[in-house]
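Enquirer: Can you keep this structure in mind? I'll have questions shortly.
The values are calculated or read from the model by the stated rules, or taken from the named source; none is laboratory data. Values in this document were obtained by computation on a predicted structure and should not be read as measured data. Every residue, glycine as well, gets a Cβ built from its backbone with ideal geometry; the counts of neighbours run over all protein chains shown. Side chains are part of the model used for accessible areas, which takes the heavy atoms of the whole protein and leaves out ligands, DNA and RNA. Shrake-Rupley method; radii C 1.70, N 1.55, O 1.52, S 1.80 Å.
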Amino acid sequence: MRPLLMASALFACASAQSSELFFDDFSQPSLEALSQNGWIVRSEAGHPGIAGAAWGPNTLRLVADPDTSGGRLLELEARTDGTPAHSAQAQLCQQRKFLRGTYAARIRFHDTPERGPDGDPVIQTFYAVAPLRFDFDPEFSELDWEYLANGGWGSDKTRLYGIAWQTVRIEPWAAYNQAHEHFAALDGWHTLLMQVDATNTRLFLDGQPLATHGGRNHPVQPMAISFNLWFSPEGLLPTSAGMRIWRQQVDWVLHAKDEQLSPAQVDAEVQRLRREGLSHLDQVPVTDPPLTSPCNI
């Protein structure tokens, strides 16, 4: 088992024993088995990213974890040669039933592509989202972690975005949100955590607090937990650069419904679940009636 963020001395006092947990460490043998646990592999075209790019199961896989005997990782792959016909992006999302509580995931970001020249504006993400029903929908809900290895959104600086949304219009773009920018190169493994209560969203990176967002920039309806790897169409390398392939890995994801877990408590929960041999646990009830999970906005 890989070491987690907090020292083992914290474990006894930090264990939260949460009553309604969602947990997955992506140890399933196949994408088909993953789907039996409520995960949806996106296949629909559309926003975000390169218009006309493909989405589908050939952009996601479950791979052996080189650091753990018998362990597995979720791997997302995005590729492009600068043309829509030869571009593909990856997204995996859960059921739409998560709102208040603690969200956390351990993710491996990459600062360079697996293959081809570097330079494309690529977005590596962990987030929760509900559908945008119409422009400036007042009930729109989204919380984002976005890692921009090569910059984007008007800046070429490498940074991690933590964003809480109020609402948005996709075309022409107009967004209302609250964002925190953490300027650092984050190639490697990191734990991202969000605590969501009735008024605020608190963001943590590797156990350290980064920002608190509140006011109307706050989720108001159940969301789907998602992972996404995609390209911003503005600033792509020219087609003469050839094919570029980017990857992002996920070790585990956890949600504690209606509980504000500290980073140490999250780590303790993951250790407990793995000791007990629980690679997937879903105690978070579905909404009544069930909501359609958006594998896009």
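Enquirer: Points 7 angstrom from Cα along the Cβ direction at Asp258 and His86: gap in nanometres?
Expert: Output for this residue pair reads 5.3 nm.
Enquirer: Placing unit charges on C-beta atoms (Lys and Arg positive, Asp and Glu negative, everything else neutral), compute the dipole magnitude of the chain about its Cα centre in debye, rounded to 20.
Expert: Charge dipole of the chain: 160 debye, to the nearest 20.
Enquirer: Leaving ligands, DNA and RNA out of it, work out the accessible area of Asp258 with a 1.4 Å probe and give it in Å² to the nearest 10.
Expert: 90 Å²
Enquirer: Roughly speaking, what is the stretch gain from Arg275 to Glu114, that is 0.36 nm per residue apart minus the C-alpha to C-alpha distance, in nm to one decimal?
Expert: Value of the extension gain: 54.7 nm.
Enquirer: Given R₀ = 35 Å, FRET efficiency for Val63-Trp153 by Cβ-Cβ distance, to 0.05?
Expert: The computed FRET efficiency comes out at 0.70.
Enquirer: What is the chain's relative contact order, in percent, from Cα pairs under 8 angstrom and six or more apart in sequence?
Expert: Computed over the chain, the figure is 32 percent.
Enquirer: Let me ask you something else. Multiply the residue gap between Gln208 and Ala175 by 0.36 nm, knock off their C-alpha separation, and tell me the result in nm, one decimal place.
Expert: Working it through step by step, the gained length comes to 9.1 nm.
Enquirer: So what is the diffusion coefficient of the chain in µm² per second by Stokes-Einstein at 20 °C and 1.002 mPa s, using a Kirkwood Rh over Cα pairs?
Expert: 111 µm²/s
Enquirer: Take the alpha carbon gyration tensor of segment 161-221, find the square roots of its eigenvalues, order them as a ≥ b ≥ c, and report rounded if a/c is under 1.5; if not, report prolate when a/b exceeds b/c, else oblate.
Expert: oblate
Enquirer: Among residues other than Tyr147 whose Cβ falls under 15 Å from its Cβ, what is the net charge (Lys/Arg +1, Asp/Glu -1)?
Expert: -4
Enquirer: I want to make sure I understand the PRE zone here: with the label point 7 angstrom from the Cα of Ser240 toward its beta carbon, which residues in segment 58-96 have backbone N atoms less than 17 Å away?
Expert: 81-83
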